[in-house]
Amino acid sequence: MKIVLVVAAHSDDEVLGCAGTIAKHVASGDKVHVLFMTDGISSRHVANHKVVERERQNSAQKAAEILGTTSIQILNFPDNKMDSVPLLDITQVIEEIILKIQPEIIYTHHVGDLNVDHQITSKAVMTACRPQPNFCVKEIYSFEILSSTEWQISGYLPFTPNVFIDISDYIDVKKMALKAYEDEMHNPPHSRSIENLLRLSSIRGNEVGIDFAEAFTLIRRIEK
C-alpha cells in the first residue's frame, strides 16, 4: 500500500487532472488524500457565496466517494488570489499536512498553467518537498488542467508529458466523477466540457497506443 497526496488549487482540479489515476491507485489498495487550497468560488460574483460554497463542497465529497479517496481537506487561501499570500505561509501549511499524512507520491499542478492559483500551488508543493534526508515523498508528478494548461501563452513553460497512466479500466469512473462537478462543466465546444475531457483522455491514450490515459510530467522520482 502506498500513500498518495493530490494537491489541487480548487475542488474539481483533482478530477480534471487525475481522476482515473486516483481511481487506479484506490483499486490497487493505495490510500489517496486530496488537499484543496481554496474554496474555488470566493472570487466569483454570485448572489449567495455560502450556498454556492456548500454546493461546491458537496460536489467534492460526491467525487471523493466515487473515486474512493481516503480524505479531502479544503483550505481557505484566497481564490484566484493566492499570489497575494506569502509563499512561505502556503508552503508551511503544505509541510504540516505532508508531515501528518506521510505521502510517498504527490500529484499537483503544472507550474506553467495560466491560472495563478495553479502556479502558486505548484511552487509551494515543490518548496515543501525540497529534498531532505529520510523525506517521505519519493515521487512528484504534475498534471494538466483543460482551460488553464493549454490556455497559457505560447512558449511559456509548456506542459510536456513524459508519463502516461493507462486509465482504460477507469474511464467510466472518471466520467462519473466529472458529472459530480456538473455545475463546473461547460457545454461543447468549451475546453472544459465533459466531452472534451474524455476526448483528451482518448488522445493521451492513443499517443502511446492505448485506449485512455492521463498524462503527467515527472518532476522527481527517487528509487532505491
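The values are calculated or read from the model by the stated rules, or taken from the named source; none is laboratory data. This one's a predicted model, so the numbers in the text were calculated from it and none came from an experiment. Methodologically, a virtual Cβ is constructed for each residue, glycine included, from the backbone with ideal geometry; neighbour enumeration extends over all protein chains shown. We work out accessible area using only protein heavy atoms, side chains counted, and drop any ligands, DNA or RNA first. Shrake-Rupley method; radii C 1.70, N 1.55, O 1.52, S 1.80 Å.
Carbon-plus-sulfur accessible fraction, region 93-224 (probe radius 1.4 Å, protein heavy atoms only): 52%. For region 75-224, the Stokes-Einstein estimate of translational diffusion at 10 °C and a viscosity of 1.306 mPa s comes to 94 µm²/s, using the Kirkwood hydrodynamic radius over alpha-carbon pairs. Each Cα pair under 8 Å and six or more residues apart adds its separation to the average, and for region 53-181 the resulting relative contact order is 33 percent. In the chain, helices alone account for a calculated mean residue ellipticity at 222 nm of -12500 deg cm²/dmol, with every DSSP H run of four or more residues adding -39,500 (n - 2.57). Largest first, the residues PHE36, PHE77 sort by 1.4 Å accessible area into PHE77, PHE36. Rounded to the nearest 10 square angstrom, LEU99 shows an accessible area of 130 square angstrom against a 1.4 Å probe.
The value of relative contact order for region 125-224, using C-alpha pairs under 8 Å at least six residues apart, is 42 percent. Modelled spin-label separation between GLU55 and GLU207, with each label point placed 7 Å from Cα along the Cα-to-Cβ direction: 3.4 nm.
The mean sequence separation of alpha-carbon pairs under 8 Å and at least six residues apart, normalised by the residue count of region 157-216, gives a relative contact order of 45 percent.
Loop-only GluC sites (Glu not before Pro) in region 80-175, please: DSSP not H, G, I, E or B, and at most 14 other Cβ atoms within 10 Å. Numbers along the way, then the final one.
Numbers: sites: GLU95, GLU96, GLU104, GLU139, GLU144, GLU150; in loops: GLU104, GLU144, GLU150.
In loop regions of region 80-175 (DSSP not H, G, I, E or B), the sparsely surrounded GluC sites (Glu not before Pro) are GLU150.
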